[in-house]
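Okay, so here's the structure we're looking at.
The values are calculated or read from the model by the stated rules, or taken from the named source; none is laboratory data. This structure is a prediction, so every number in the text was calculated from the model and none was measured. Note that each Cβ is placed from the backbone with ideal geometry, even for glycine, and that neighbours are counted across all protein chains shown. We work out accessible area using only protein heavy atoms, side chains counted, and drop any ligands, DNA or RNA first. Shrake-Rupley method; radii C 1.70, N 1.55, O 1.52, S 1.80 Å.
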Amino acid sequence: MNVMADEKRQKFRARAAKGIAATLVLIVCLYLTLPLVALVLRVTPELLMTYLPNETVQKALWLSLLTSGIATVTVIAIGTPAAYFHSRTAYPGKTLVDTFIDLPLVLPPAVAGFSLLLLFGRTGLLGTYLHIIGIDVAFTTLAVVMAQIFVSSPFYLRQAKALFEQLDPAYEETARTLGSSSFRTFISIILPLTASGLISGAIMTFARALGEFGATIMFAGNLPGVTQTMPLAIYAAMQGNFDVAIAISVLLVAISLAIMLAVRLLTRNRKYDV
Amino acid sequence: MSDSSARKITVLFVLCAVLTAALAIAGCTGTTGSDNVTTLATTPATGGDIVVFTAASLTGVSADLGPAFEDANPGTTVTFNLQGTQSLKKQIELGATGDVFISAKTAYTNDLMAGGYLVNETVKKLTSNYIVVILPAGNPGNITSLDDLARPGMKIAMGTAEVPVGINTRTVIDNLANSTLVSSGWKEGVFDNVVTYETTEPGVVTKVSLGEVDAGFVYESSYKAAAAGSLELVPIPEEYNALQIYTVGVLSDSTNKETAQKFIDFLLSSEGQEILKNYGFTSIS
Amino acid sequence: MFNCNVRKQLRDFTLDVSFQVGRGEILVLMGDNGAGKTTVLRMTAGLLTPTSGTIRIGDRILFDNAAHIDVPVENRQTGYVFQNSAVFPHMTVRDNVSFGLRARRLDPETIAARTADWLERLTIDDLADVRAGQLSGGQKQRVALARAMVTEPSLLMLDEPFTALDAKNQAAVREWIRLCVHEHDIPCLLVTHAVGDAEAVGDRLCVLEQGRIVREENFSGTHG
């Protein structure tokens, strides 16, 4: 066996593998960024100046921020303790619950919206009774929030579940032996130790809610100022004034990018190795 | 050791080949347009296959038109790209390839003709359609006249001001508002009751069919295409109605202009017109 | 006097132990991994519920399934030092040590005084304002010990307190433990798998095998 030749061959193989890997990474990057480049290339400052102050755009922007904010806060308030109990307790059907939590990630949003309509619509499973007592959910701003919660909550829940599962139970158990109630332990030990991860999960949830389209138009409809969020405004504008669509799209991309950057920075500044 | 790394490299090569092939195929389909803009996904027609960019309001009738043409012309396949006319127009302008364009708005057809996207001599008027008001089965809003549409608390769906059905709906509402058929302040009342402006005509039909709104402005063809008993109708007199004219033409980028023209001929034939009539479209003589 | 007489069905066997630890005495629990040592500590702390039996410290009953007594973890007043010391990394050393006192809502002056006392005793007062996440293994173990002792527990439990430490720190921590236990005259349960540790720190030894005490040994007289 020629050791030298063998070594050479191995070196060549290693280099070839590296080259291929680099090419693949490049392909992935280009594929994901080029569409956005195409979008941004269509924009001129004049275009933004003309259309961003537009009343429809402004209304859509504030409605989007408001509904996504409410959706995110709701997901945090209910999802945090729920995810904690879920990851700290063994109960029958736990795997099933895990699957249900992930379901909205793979479900087409239009199906999500349609299902919400069939549940909460005024002829729906629950909506029929809500309608009798005078509550109509569909086509309201509340419906926008509900659609956003449905599609975006997995981003927070998955993150929270993972964080709580990874957290060494010794911290909370020590706190308990020291006389701390379970509530106090949750507030003063568990939350601070998982905070940066929870925040990045919440930001992802907010970003997903901000981009939500399919479930919203199905369940909440499209009414400027009431249910027309930015993605809906983009779609509606595409039917008429393409420049408006481009202007809002760029705004949405800018907000999303800022959010993702914030997540990166937050996760990098993670203080505790727990 | 070297055996496993060799295997890894093989796997990488295979992955690379698959990706390259995928990109090559994507590249081939994308370079027909003169603009170097992003190409929207459509399959190019080859042999007897044609892609018909079709106004969404023809969704119902397309299910009959396609098979009828295929039966009459063995070896052909018709694929419909059903979307709002404005979306279709944008896709064509951005380089999407297809063979036939059926438009619900003549102005958009004229734009495309001016831009060289259509073979101008092939463009014909296809059919027409009236606006009607549809109600869910059982009429939950208890709407018995056009006046009832303005009653506070009614929920109405209509198209956006940009899509053809929405444009015609507004024309009809204006015509009615100036007539003696409705009370004063009717138009404002109707618009106050709108809970959603849908971006396609089928979107309006869906919300009415589900009973989530009390009424919707759609084309007569959608009422005819719906299952019997699933919708109720409030007609709008012809003299106040806006007739939606549909136009059809062969796309300049078509790779199968022969079959495309055949399809248009079929649509304009008595057989094609009969199918359209069954779905509530009104022939243009 | 600490009395433990419990049974618990585990996956592979039934844990069934009965033993006592006197005040100021350190009982070392030894045995292979999975023999049930940590389970005994966890049941005593209230982190696990025995199937049956009783757990008492003096005349205070912590658990008695016949009498339906099961004192919640936070009211058991046991000190528990975990294997990895589990200091709260996001708090300063001072806040770590005072945690149990604040949880029990003592008045601020008492908290400050007792915390300062224990910081000094375990010579970590110069680290008081350092975030605990930045400490070395030996420092963390001292913080954990101070944090447990400051609450004046009626029983001290230590789970493998020496594994993460180098030889020099091991000796020091052994000394601290003996000092704490003897000075406060409380029973102490210490889990380890190293015979050397057991002899160096313990007064008595129980060897567990498959959930049963198979051997007992007295070290009394070994320590001066």
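Can you tell me how many residues within segment A:244-258 are in contact (Cβ under 8 Å) with a residue 24 or more places away in the chain and surrounded by fewer than 17 Cβ atoms within 10 Å (Cβ to Cβ)? Reasoning before the result, please.
From segment A:244-258, those in contact (Cβ under 8 Å) with a residue 24 or more places away in the chain are A:244, A:246-253, A:255-256; that's our starting set.
Filter again for surrounded by fewer than 17 Cβ atoms within 10 Å (Cβ to Cβ), leaving A:253, A:256.
The qualifying residues number 2.
Residue check: is A:Thr227 within 14 Å of chain B (Cβ to nearest Cβ) and either without any contact (Cβ under 8 Å) to a residue 60 or more places away in the chain or within 30 Å of A:Thr50 (Cα to Cα) (or both)? Yes. Residues being under 13 Å from B:Leu126 (Cβ atoms) and open to solvent by 10 Å² or more (accessible area, probe 1.4 Å): count how many of those fall in segment B:248-280. The number of residues fulfilling the criteria is 8. The set of residues in segment C:142-158 being farther than 17 Å from C:Phe99 by Cα and open to solvent by 10 Å² or more (accessible area, probe 1.4 Å) consists of C:Ser154 alone. Of all residue pairs spaced 6 or more apart or on separate chains, those with beta-carbon atoms under 8 Å, a first member in segment A:1-30 that is within 11 Å of chain B (Cβ to nearest Cβ) and a second member that is charged (D, E, K, R) and in a helix (DSSP H, G or I) are A:Ala17/B:Lys8.
Applying a threshold of 8 Å to beta carbon distances and a minimum spacing of six or more residues, or different chains, the list of pairs starting in segment A:182-200 at a residue that is among the basic types (Lys, Arg) and ending at one that is buried (at least 16 other Cβ atoms within 10 Å of the Cβ) and part of a helix (DSSP H, G or I) reads A:Arg184/A:Ala175; A:Arg184/C:Ala103. Can you find, within segment A:90-123, the residue that is least open to solvent (accessible area, probe 1.4 Å) among those that are within 14 Å of chain B (Cβ to nearest Cβ) and within 18 Å of the chain's Cα centre (by Cα)? For segment A:90-123, the residue satisfying everything is A:Gly113. Is it the case that C:Glu175 is open to solvent by 50 Å² or more (accessible area, probe 1.4 Å) and of a type outside the set (S, T, N, Q)? Considered against the rule, which asks whether it is open to solvent by 50 Å² or more (accessible area, probe 1.4 Å) and of a type outside the set (S, T, N, Q), C:Glu175 comes out as yes.
I need a count of the residues in segment C:123-135 that are assigned to a loop (DSSP other than H, G, I, E, B) and either within 14 Å of chain A (Cβ to nearest Cβ) or open to solvent by less than 10 Å² (accessible area, probe 1.4 Å) (or both). It would help to see each step written out before you state the result.
Filtering segment C:123-135 for residues assigned to a loop (DSSP other than H, G, I, E, B) gives C:123-124, C:128-130, C:135.
After this cut, where a residue has to be either within 14 Å of chain A (Cβ to nearest Cβ) or open to solvent by less than 10 Å² (accessible area, probe 1.4 Å) (or both) as well, the list is C:124, C:128, C:130, C:135.
The qualifying residues number 4.
Let's see how each residue does on (1) without any contact (Cβ under 8 Å) to a residue 60 or more places away in the chain; (2) within 14 Å of another protein chain (Cβ to nearest Cβ); (3) more than 18 Å from A:Thr177 (Cβ to Cβ):
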| site | (1), (2), (3) |
| --- | --- |
| C:Leu29 | no, no, no |
| C:Asp32 | no, no, yes |
| C:Met43 | yes, yes, no |
| C:Leu47 | yes, yes, no |
| C:Thr51 | yes, no, yes |
| C:Arg56 | yes, no, no |
| C:Arg94 | yes, no, yes |
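Of the residues in segment A:186-198, not one is within 8 Å of another protein chain (Cβ to nearest Cβ), open to solvent by 30 Å² or more (accessible area, probe 1.4 Å), not aliphatic (A, V, I, L, M) and not in a helix (DSSP H, G or I).
Based on what the data block shows, is C:Asp185 acidic (Asp, Glu), farther than 22 Å from C:Glu25 by Cα and open to solvent by 40 Å² or more (accessible area, probe 1.4 Å)? Walk me through it before giving the result.
On the way: acidic (Asp, Glu): yes; farther than 22 Å from C:Glu25 by Cα: no; open to solvent by 40 Å² or more (accessible area, probe 1.4 Å): yes.
Criteria not met by C:Asp185.
Taking the conditions exactly as written (in contact with a Leu (Cβ under 9 Å, 6 or more places away or on another chain), open to solvent by 20 Å² or more (accessible area, probe 1.4 Å), closer than 20 Å to B:Ile236 by Cα and touching a residue at least 60 places away in the same chain (Cβ under 8 Å)), does B:Tyr117 satisfy them or not? So B:Tyr117 fails the test. Note on segment C:86-103: residues that are outside any helix (DSSP H, G or I) and either touching a strand residue (DSSP E or B) at 6+ places or on another chain (Cβ under 8 Å) or of a type in the set (Val, Ile, Thr) (or both) amount to 5.
State which residue is farthest from the other protein chains (Cβ to nearest Cβ) when the search covers only segment C:107-121 and only residues that are buried (at least 17 other Cβ atoms within 10 Å of the Cβ) and out of contact with any Cys (no Cβ under 9 Å at 6 or more places or on another chain). Ranking the candidates gives C:Leu119 first. Of everything in segment B:162-220 that is over 24 Å from A:Ala233 (Cβ atoms) and part of a strand (DSSP E or B), the residue that is farthest from the other protein chains (Cβ to nearest Cβ) is B:Tyr219. Out of A:Ala175, A:Ala237, one residue alone is part of a helix (DSSP H, G or I), out of contact with any strand residue (DSSP E or B) (no Cβ under 8 Å at 6 or more places or on another chain), at pLDDT 95 or above and crowded, with 24+ Cβ neighbours inside 10 Å. It is A:Ala175. In the condition set (1) more than 20 Å from A:Gly179 (Cα to Cα); (2) surrounded by fewer than 19 Cβ atoms within 10 Å (Cβ to Cβ); (3) not charged (D, E, K, R), C:Gln139 is compliant with all but (2). Look at segment C:165-191 and say how many of its residues are under 28 Å from C:Val17 (Cα atoms), hydrophobic (A, V, I, L, M, F, W, C) and in a loop (DSSP other than H, G, I, E, B). Total satisfying the criteria: 1. The set of residues in segment A:201-225 being touching a Ser or Thr at 6+ places or on another chain (Cβ under 6 Å), farther than 20 Å from A:Ala112 by Cα and modelled with pLDDT of 90 or more consists of A:Ala202 alone.
Is it the case that A:Ala38 is open to solvent by less than 100 Å² (accessible area, probe 1.4 Å), among the small types (Gly, Ala, Ser), within 25 Å of A:Ile255 (Cα to Cα) and modelled with pLDDT under 90? Can you show your working first?
Numbers: open to solvent by less than 100 Å² (accessible area, probe 1.4 Å): yes; among the small types (Gly, Ala, Ser): yes; within 25 Å of A:Ile255 (Cα to Cα): yes; modelled with pLDDT under 90: yes.
Spelling it out, A:Ala38 is indeed open to solvent by less than 100 Å² (accessible area, probe 1.4 Å), among the small types (Gly, Ala, Ser), within 25 Å of A:Ile255 (Cα to Cα) and modelled with pLDDT under 90.
Applying the set (1) of a type in the set (D, E, K, R); (2) crowded, with 21+ Cβ neighbours inside 10 Å; (3) over 28 Å from B:Thr199 (Cα atoms) to A:Arg208 leaves exactly one unmet item: (3). Please indicate, with yes or no, whether at least one residue in segment B:211-222 is open to solvent by 40 Å² or more (accessible area, probe 1.4 Å) and within 26 Å of B:Ala63 (Cα to Cα). Looking through segment B:211-222, at least one residue is open to solvent by 40 Å² or more (accessible area, probe 1.4 Å) and within 26 Å of B:Ala63 (Cα to Cα). Could you tell me whether segment C:104-122 includes any residue that is touching a helix residue (DSSP H, G or I) at 6+ places or on another chain (Cβ under 8 Å), of a type in the set (D, E, K, R), assigned to a helix (DSSP H, G or I) and more than 30 Å from C:Asp16 (Cβ to Cβ)? Among the residues of segment C:104-122, at least one is touching a helix residue (DSSP H, G or I) at 6+ places or on another chain (Cβ under 8 Å), of a type in the set (D, E, K, R), assigned to a helix (DSSP H, G or I) and more than 30 Å from C:Asp16 (Cβ to Cβ), which makes the answer yes.
Scanning segment B:83-111 for residues that are free of Cβ contacts under 8 Å to residues at least 40 places away in the same chain and away from chain A (no Cβ under 14 Å) yields one hit, B:Asn110.
Can you tell me how many residues in segment C:12-68 are within 22 Å of A:Glu173 (Cβ to Cβ), in a loop (DSSP other than H, G, I, E, B) and in contact with a helix residue (DSSP H, G or I) (Cβ under 6 Å, 6 or more places away or on another chain)? Looking only at that region, the number is 4.
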